[in-house]
Amino acid sequence: MTQINLNNIGKRYNFEWIFRKVNYDFTSENNYVILGANGSGKSTLLQVIAGNLTHSEGEVQYQVAGSKYQEENIFKQLSYCAPYLDLFEEFTLTESIAFQEKFKPFQTGLDVKKIIELTGLEKSKDKQLKYYSSGMKQRIRLALAVLADTPLLLLDEPTSNLDKKAIDWYQKLVMDYSKNRLIIVASNQQEYEYPFCNKQLNIEEYKHS
């Protein structure tokens with residue numbers, strides 16, 4: 001089982017607290033969504049959980065399959081997707097998948113060819129990513145995160161730049177490849193982004209001066 005415990009977590013920029021005193025437990029028995037208005041700190045909290053941002057106070061504890069991990073090492077156990085993450089735009093899709101596979105393996109039974117098929121971008125597999133549309137790039141970000149062999153999956157506004165067909169593709173991808181994982185989504189779009197989540201954390205409940 002995968003478990004994350006937030007103990008009195010707070011984050012501030014300069015003298016302004018984004019959130020404070022967040023006490024919450026995540027376990028792989030459930031899927032979670034972090035809710036809140038735009039600018040309320042959803043993405044910030046998700047990045048703190050991922051170890052991408054340092055929290056200003058409190059402690060984050062991680063446990064995966066009975067082993068405890070320090071914050072600086074948890075990146076090996078998680079996949080992260082957000083529309084603002086950069087891709088190597090000089091790479092082709094084929095090269096991007098092969099590159100990730102070197103440092104973060106994919107789930108059993110998946111190779112480069114199969115992953116390309118799952119993205120639905122076979123016709124563009126040898127095209128540099130700088131020539132892809134924003135929606136195509138988001139498909140790649142999602143595929144690289146969801147298909148990685150990691151027990152923790154973090155998704156920040158995952159359907160950004162996706163049309164209805166691609167949103168359906170995203171939901172099916174998560175359902176097919178996220179069994180026995182701890183999923184945390186930052187979103188306000190229930191119909192599109194987190195219909196599979198059964199637990200909620202509203203970041204606006206943790207606003208303190």
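Things to note:
- Selection of the range 179-192 for residues being of a type outside the set (Lys, Arg), without any contact (Cβ under 8 Å) to a residue 60 or more places away in the chain and under 26 Å from ILE115 (Cα atoms) yields GLU191, TYR192.
- Complete set of residues in the range 141-170 that are without any contact (Cβ under 8 Å) to a residue 60 or more places away in the chain, buried (at least 21 other Cβ atoms within 10 Å of the Cβ) and under 16 Å from LEU110 (Cβ atoms): ALA143, LEU147
- Single residue of the range 105-137 satisfying the filter (over 21 Å from SER79 (Cα atoms) and among the small types (Gly, Ala, Ser)) that is surrounded by the most Cβ atoms within 10 Å (Cβ to Cβ): SER124
- Of the residues making up the range 119-134, not a single one is of a type outside the set (Val, Ile, Thr), closer than 26 Å to TYR32 by Cβ, in contact with a helix residue (DSSP H, G or I) (Cβ under 8 Å, 6 or more places away or on another chain) and at pLDDT 95 or above.
- If only residues of the range 81-104 that are out of contact with any Leu (no Cβ under 9 Å at 6 or more places or on another chain) and of a type outside the set (D, E, K, R) are counted, the one that is surrounded by the fewest Cβ atoms within 10 Å (Cβ to Cβ) is PHE103.
The values are calculated or read from the model by the stated rules, or taken from the named source; none is laboratory data. As the structure is a computational prediction, the values presented were derived from the model and not from experiment. In this analysis, Cβ positions are derived from the backbone assuming ideal geometry, glycine residues included, and neighbour counts consider all displayed protein chains.
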